[in-house]
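*Asks:* Handing you this structure, nothing more for now.
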Amino acid sequence: MLTLGIETSCDETSAAVVEDGRRILSNVVSSQVAMHAAFGGVVPELAARSHVERLPAVVDEALGIAGVGLESIELVAVTRGPGLVGALLTGVGFAAALGWERGIPVVGVSHLDGHLHSAFLEDHATGYPLLVLVVSGGHTELILNRAPGQYELMGRTLDDAAGEAFDKVARMLGLAYPGGPEIERAARSAPALGDRWQPLGPIRVPGLDFSFSGIKTAVRYRLERIAGRPQGAGLEGADPPQWPAELVAAAALDFQGRAVGHLVDKLEAAVRKANPASVAVVGGVALNGALRSATRARLAAVMAQPDLVVFPGASLCTDNAAMIAAAGHALYGRGLGKSLRVDPSLRWESAA
Ligand code: KG4
Ligand code: ZN
């Protein structure tokens, strides 16, 4: 069965053709990052307008690369939430029209469900129960997936998402958007913290929940103190202040270390609690090299089969339509996903 996936929840316009929910025939992503970078973050109205402009060509390209015509598509899967309402509406409207015109079913998919399914798209060895850490620009959640479609929320962020914290700290440091890769690059240029930068304390939050707002503020105060600037001056403005390069590198290294340590602490605690057969780390922040190595090192000691720790390939970590097609195919197989109602705060789509 060929599924056409469509993803427009934020700033990537994406379409993909996936066979039987597993084999990717094409996965085209048209990123709006360059357009939003000038504003230091995603501008919702611009994102929605740009999706409308880009979608037809992106879908054509996905079909072309897959080498199939629209008449071969048997199912359309589209993200109906969570995300930016205007952006979501463009994808859902397009998918609904396509389904109606072709007389084929259209399923509405949770973007979170999509990220989870990125773990199943490359023949990684997995097993149930699967513990999933979703770390993206909008979400930080620990989900126990006991069986297909059965999700149990074990922990989540109480404030900012992990990727959001990377983006905000990067902005504070005068680095470009999106901030995650920039922080990682800056951290790599600092083999160790400088003499002037004393390490920040670890993040402490009870249970399996996360918090990233404290660490962000701690970085800011430390920067201001070391640089001898007044506290909070101009940090939220359009023009963040310039900091000395060695200070930026030390701040990036320390922040990344604390953020990764926090994620891995909670992941390890969740593994000890739930004893999953496999673990998947998905979403944009899963691209982070420090997170990947720390996760593998830490889980090697607590998992029966440490090789069952999955990090999807780079193109499947950030937003893409192949993961939406995979999730949609699974929903359709269970007779679910019939609602196409756009829901900006949609949660996990558990099997009813
Ligand atoms: O999954 P995604 O593409 O979009 C959302 O659903 O949010 O994730 C984007 C997020 C951004 O916050 C970006 O800064 C972060 O993923 N990110 C990273 C890295 N690459 C992307 N964070 C840390 N390290 C990276 N290498
Ligand atoms: Zn995402």
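The values are calculated or read from the model by the stated rules, or taken from the named source; none is laboratory data. As the structure is a prediction and not an experimental result, all values here were calculated from the model. Here the Cβ positions follow ideal geometry from the backbone for every residue, glycine too, while neighbour counts run over all protein chains shown. What goes into the accessible areas is simple: the full protein's heavy atoms, side chains included, and nothing from ligands, DNA or RNA. Shrake-Rupley method; radii C 1.70, N 1.55, O 1.52, S 1.80 Å.
*Asks:* Ignoring ligands, DNA and RNA, what percent of the 1.4 Å accessible area of the stretch 271-352 is carbon and sulfur?
*Replies:* Using a 1.4 Å probe with all protein chains present, the stretch 271-352 comes out at 54 percent carbon and sulfur.
*Asks:* Same structure, new question: Got a number for carbon plus sulfur as a percent of the stretch 1-88's accessible area, 1.4 Å probe?
*Replies:* Working: 1860 of 3320 Å².
Exposed carbon and sulfur together represent 56 percent of the surface.
*Asks:* What is the sum of charges around residue 161, taking Lys and Arg as +1, Asp and Glu as -1, for the other residues whose C-beta is under 14 Å from the C-beta of residue 161?
*Replies:* Value of the local net charge: -3.
*Asks:* So for the chain, averaging the separation of alpha carbon pairs under 8 Å that are six or more residues apart and normalising by length, what relative contact order in percent results?
*Replies:* Numbers: 780 pairs, mean separation 92.7, N = 352.
Computed over the chain, the figure is 26 percent.
*Asks:* Now, a different point. Could you tell me which trypsin sites (Lys or Arg not before Pro) in the stretch 175-276 are loop residues by DSSP with no more than 11 other beta carbons within 10 angstrom of their beta carbon? Provide the component values of the computation, followed by the final result.
*Replies:* Values: sites: 185, 188, 196, 204, 216, 220, 222, 225, 258, 266, 272, 273; in loops: 196, 204.
Those satisfying the criteria are 204.
*Asks:* Using the Karplus equation 6.51 cos²θ - 1.76 cosθ + 1.60 (θ = phi - 60°), what ³J(HN,Hα) coupling, rounded to whole Hz, does each residue of the stretch 217-230 give in order, writing x for Gly and Pro?
*Replies:* 5, 4, 4, 4, 5, 5, 4, 5, 5, 5, 7, x, 9, x
*Asks:* Can you give me the Cα centroid spacing of the stretch 204-231 and the stretch 97-158 in angstrom?
*Replies:* Distance between centres, Cα-based: 31 Å.
*Asks:* Return the lysines within reach of residue 216: Cα separation strictly under 23 angstrom, same-chain partners fewer than 8 residues apart disregarded; answer none if there are no such residues.
*Replies:* Of all the lysines, those that pass the test against residue 216 - Cα under 23 Å, at least 8 places apart if same chain - are 168, 266.
*Asks:* What number do you get for the chain when its Cα radius of gyration is normalised by 2.2 N^0.38 Å, N = residues?
*Replies:* Details: Rg = 20.5 Å, N = 352, 2.2 N^0.38 = 20.4 Å.
Expressed relative to 2.2 N^0.38 Å, the Cα Rg reads 1.01.
*Asks:* In a GNM of the chain with a 10 Å cut-off on Cα contacts, which of 108, 284, 149 has the highest mean-square fluctuation?
*Replies:* Sorting by GNM fluctuation, first place goes to 149.
*Asks:* What whole-number value in Å² describes the accessible area per residue of the chain for a 1.4 Å probe? If you can, show how the numbers build up before the last one.
*Replies:* Working: 14330 Å² over 352 residues.
For the chain, the per-residue accessible area is 41 Å².
*Asks:* Sticking with this one: When the helices in the chain are scored as -39500 (n - 2.57) per DSSP H run of 4 or longer and the sum is shared across all residues, what 222 nm value do you end up with, to the nearest 500 deg cm²/dmol?
*Replies:* When only DSSP H runs of four or more count, the value is -13500 deg cm²/dmol.
*Asks:* Ok, one more. Rounded, prolate or oblate: which fits the stretch 155-238, taking a ≥ b ≥ c as square roots of the Cα gyration tensor eigenvalues, rounded meaning a/c under 1.5, else prolate when a/b beats b/c?
*Replies:* Because its axes are fairly even, with a/c under 1.5, the stretch 155-238 counts as rounded.
*Asks:* Hey, any idea what % of the stretch 111-257's accessible area is carbon plus sulfur with a 1.4 Å probe? Before the final figure, lay out each step's value.
*Replies:* Numbers: 3210 of 6340 Å².
C and S atoms contribute 51 percent here.
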